[in-house]
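Nothing in this text is a laboratory measurement; each read-out follows from the coordinates by a stated rule. Bear in mind the structure is a predicted one, so any value in this text is a computation, not a measurement. Cβ atoms come from the backbone with ideal geometry, glycine included; neighbour counts cover every protein chain shown.
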Amino acid sequence: MSYTLPHLENGWQVDQAILSEDNRIVVIRFGHDWDPTCMRMDEVLYRIAEKVQRFAVIYLVDITEVPCFNQMYELYDPCTVMFFYGNKHIQIDLGTGDNNKITWAIDDKQEMIDIVETVYRGARKGRGLVVSPKDYCTKHRY
């Protein structure tokens with residue numbers, strides 16, 4: 001479903017997307033359209049896009065076409081979802097130790113809506129770090 005969500009083609013478009021939204025969360029999925037993890041995540045993002053449009057906007061960025069953020073945001077995983085509000089990166093505590101981003105596909109629509117809603121509520125209150133409604137500490141064991 002990546003073809004139905006808006007793609008940002010260069011660094012300037014990414015910056016403008018983050019800067020232009022004052023009252024909504026900017027959700028950006030960094031990765032590749034052909035990656036299986038990104039495909040699963042894109043499907044969920046597509047399904048929730050209409051439901052969260054009042055308080056969030058969703059964009060996709062191909063990290064090969066737009067490599068300027070790879071080092072800045074440490075985009076080493078195949079699929080990464082990050083949140084921005086008011087030109088600030090909003091961190092989310094998922095219980096995994098990496099509060100900067102989501103690096104796996106979330107397959108449940110309601111779970112993703114809950115995360116976006118939690119980020120929005122925390123960001124509106126001026127928080128730079130919000131706590132996820134669900135703890136993912138046991139989801140990925142190494």
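Points to keep in mind about this one:
- Filter result (farther than 26 Å from Gln71 by Cα, without any contact (Cβ under 8 Å) to a residue 60 or more places away in the chain and in a loop (DSSP other than H, G, I, E, B)) within the stretch 86-138: Lys125, Gly126, Pro133, Lys134, Asp135, Thr138
- When residues of the stretch 1-24 are limited to those that are of a type in the set (D, E, K, R) and farther than 21 Å from Glu50 by Cα, the one surrounded by the most Cβ atoms within 10 Å (Cβ to Cβ): Asp15
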